[in-house]
Amino acid sequence: LKWVVPSISASGDDEQHGSTVLADIALLQALSKRAHFGKFVAESKYRSDPEGYQRLVDAGDADGVMELLTNSVVEARVLRRARIKASTYGREPLMTQLPIEKADQISDSANFVAAAAASAVASAFQAIDQSDDFQGKVDPAIVQDIYEKFIIPLTKDVEVDYLFRRCGRDPPSEYAPDRMSKDTLPDLREDFCITLPQV
């Protein structure tokens, strides 16, 4: 809340509280679904090296499990894909910017497909460009940062938890399923100025 919301939205109150809550619920559900897909990924990784994971889990080596399941190449691809998708969100397709006389020349489907592919490639190159000159609704670098600092680590935490349970042991407390709520509750109280009643 402290860095995501301010980095993707303007400050102030648009008085759309109901719509905001519905959007927040949809976002939290999507994040949960995305993070929990990590269980399927973890099962696949387990099947590729069951002895390796079992040995690390039996030794209580959560860091070793995290290292074994980490695939930096795939993570880099996910980050690049997130950046590219964010760069096209809320933007006019490049093909709509063609002059009318050029658009009329793209009459057959093969030319249209070629022009659409070229437009997509141009958008991807703009997304990969590390410059600060973006023209979308959300800065692609911020979306990439959210994936790198929050979504991927959360998914990997779910994977470690799953792999420990898959190997017959409870995960260490730093990977327990209720860890995030315990870790963030004090911050949420501070962010929302919540005073919890004394019981």
Exercise. Under the condition of being open to solvent by 40 Å² or more (accessible area, probe 1.4 Å) and of a type in the set (Lys, Arg), which residue from segment 74-89 is modelled with the lowest pLDDT?
Worked result: Lys85
Exercise. Is there any pair linking a residue in segment 1-24 that is without any contact (Cβ under 8 Å) to a residue 60 or more places away in the chain and under 16 Å from Val138 (Cα atoms) to one that is among the small types (Gly, Ala, Ser) and open to solvent by less than 90 Å² (accessible area, probe 1.4 Å), with Cβ under 8 Å and at least six apart or on different chains, and which?
Worked result: none
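Return the total of residues in segment 49-73 being under 26 Å from the mean Cα position of the chain (by Cα) and either surrounded by 11 or more Cβ atoms within 10 Å (Cβ to Cβ) or touching a residue at least 12 places away in the same chain (Cβ under 8 Å) (or both).
Total satisfying the criteria: 10.
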For this session: Within segment 90-106, identify whether any single residue is exposed (fewer than 14 other Cβ atoms within 10 Å of the Cβ), modelled with pLDDT of 75 or more and hydrophobic (A, V, I, L, M, F, W, C), and answer yes or no.
Result: no
Problem set entry | Selection within segment 24-47 - under 17 Å from the mean Cα position of the chain (by Cα) and open to solvent by 60 Å² or more (accessible area, probe 1.4 Å) | Asp24, Ile25, Leu27, Leu28, Gln29, Lys33, Arg34, His36, Phe37, Lys39, Phe40, Val41
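The values are calculated or read from the model by the stated rules, or taken from the named source; none is laboratory data. All values derive from a computational prediction rather than experimental measurement. All Cβ positions, glycine included, derive from the backbone under ideal geometry; neighbour counts span all protein chains shown. Ligands, DNA and RNA are stripped out before the accessible areas are found, and what is left, the full protein with its side chains, is counted by its heavy atoms. Shrake-Rupley method; radii C 1.70, N 1.55, O 1.52, S 1.80 Å.
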